[in-house]
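Derivation of every value follows stated rules applied to the coordinates shown; laboratory data play no part. Note that the structure is predicted; figures quoted are calculated from it, not measured. Quick reminder, even Gly has a Cβ in these numbers, built from the backbone with ideal geometry, and neighbours come from all protein chains shown.
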Amino acid sequence: MAEKTIFGKIIDREIPAKIVYEDDLCLAFEDIHPQAPTHLIVIPKKAIPSVDDVAEADEAIVGLLFVAMRKIAAELGLTDGYRVVTNCGRDAGQEVMHLHFHFLAGRRFTWPPG
């Protein structure tokens with residue numbers, strides 16, 4: 001069995017995090033190195049390493065993550081927009097091998113992101 005990631009430890013409350021949203025299938029918490037005034041990490045509670053590992057059976061979970069992000073945006077009053085980013089693999093910048101989305105808001109973003 002693979003070693004539990006830092007996100008798995010947050011899910012299991014083995015390490016602290018400032019949780020802003022939780023339901024049966026997902027969790028959202030503040031990023032410890034924010035890149036915007038609002039920078040959350042949104043994760044499934046199921047350990048899925050990356051986008052490459054999303055199976056057809058995970059379709060509902062991934063969809064629910066996006067529903068959760070819409071709810072979070074509404075709860076935080078983010079009417080001017082927000083950005084959702086995921087990295088897949090080390091070359092794309094994925095550091096934690098647990099599927100996660102960066103939810104960024106509170107400033108204007110440019111394109112391309114870099």
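Can you tell me which residue in segment 6-42 is nearest to H98 (Cα to Cα), limited to those that are free of Cβ contacts under 8 Å to residues at least 12 places away in the same chain and acidic (D, E)?
D12
Can you report the number of residues in segment 46-89 which are part of a loop (DSSP other than H, G, I, E, B) and either hydroxyl-bearing (S, T, Y) or more than 16 Å from L27 (Cβ to Cβ) (or both)?
Keep residues of segment 46-89 that are part of a loop (DSSP other than H, G, I, E, B), which gives 46-50, 54-55, 77-81, 86-89.
Next, only the ones that are either hydroxyl-bearing (S, T, Y) or more than 16 Å from L27 (Cβ to Cβ) (or both) stay: 49-50, 54-55, 77-81, 86-89.
Here the count works out to 13.
Select from segment 89-107 the residues that are without any contact (Cβ under 8 Å) to a residue 60 or more places away in the chain and surrounded by 15 or more Cβ atoms within 10 Å (Cβ to Cβ) and list them in ascending order. Explain how you work it out, then say what you get.
Keep residues of segment 89-107 that are without any contact (Cβ under 8 Å) to a residue 60 or more places away in the chain, which gives 89-95, 99.
Listed by number, the residues that qualify are Q94, L99.
Identify all residues within segment 41-57 that are within 14 Å of the chain's Cα centre (by Cα) and of a type in the set (A, V, I, L, M, F, W, C); write none if there are none. Don't jump to the end; show me each part of the working.
Just the residues of segment 41-57 that are within 14 Å of the chain's Cα centre (by Cα), to begin with: 41-51.
Across segment 41-57, the qualifying residues are I41, V42, I43, A47, I48, V51.
Just to be sure, is I10 surrounded by 11 or more Cβ atoms within 10 Å (Cβ to Cβ) and assigned to a loop (DSSP other than H, G, I, E, B)?
Numbers: surrounded by 11 or more Cβ atoms within 10 Å (Cβ to Cβ): yes; assigned to a loop (DSSP other than H, G, I, E, B): no.
The answer is no for I10.
So how many residues does segment 13-33 have that are surrounded by 14 or more Cβ atoms within 10 Å (Cβ to Cβ), assigned to a loop (DSSP other than H, G, I, E, B) and in contact with a Phe, Trp or Tyr (Cβ under 8 Å, 6 or more places away or on another chain)?
1
Of all residues in segment 59-71, how many are surrounded by 15 or more Cβ atoms within 10 Å (Cβ to Cβ) and either without any contact (Cβ under 8 Å) to a residue 24 or more places away in the chain or not small (G, A, S) (or both)? Full working, then the answer.
Residues of segment 59-71 that are surrounded by 15 or more Cβ atoms within 10 Å (Cβ to Cβ), as a first pass: 61-62, 64-65, 68-69.
Those left that are additionally either without any contact (Cβ under 8 Å) to a residue 24 or more places away in the chain or not small (G, A, S) (or both): 61-62, 64-65, 69.
So the count comes out to 5.
Inside segment 72-88, can you point out the residues that are under 21 Å from I10 (Cα atoms) and surrounded by fewer than 18 Cβ atoms within 10 Å (Cβ to Cβ)? Before you say what the answer is, go through the steps one by one.
So the first thing to find is which residues in segment 72-88 are under 21 Å from I10 (Cα atoms), and the list is 72, 84-88.
Within segment 72-88, V84, V85, T86, N87, C88 qualify.
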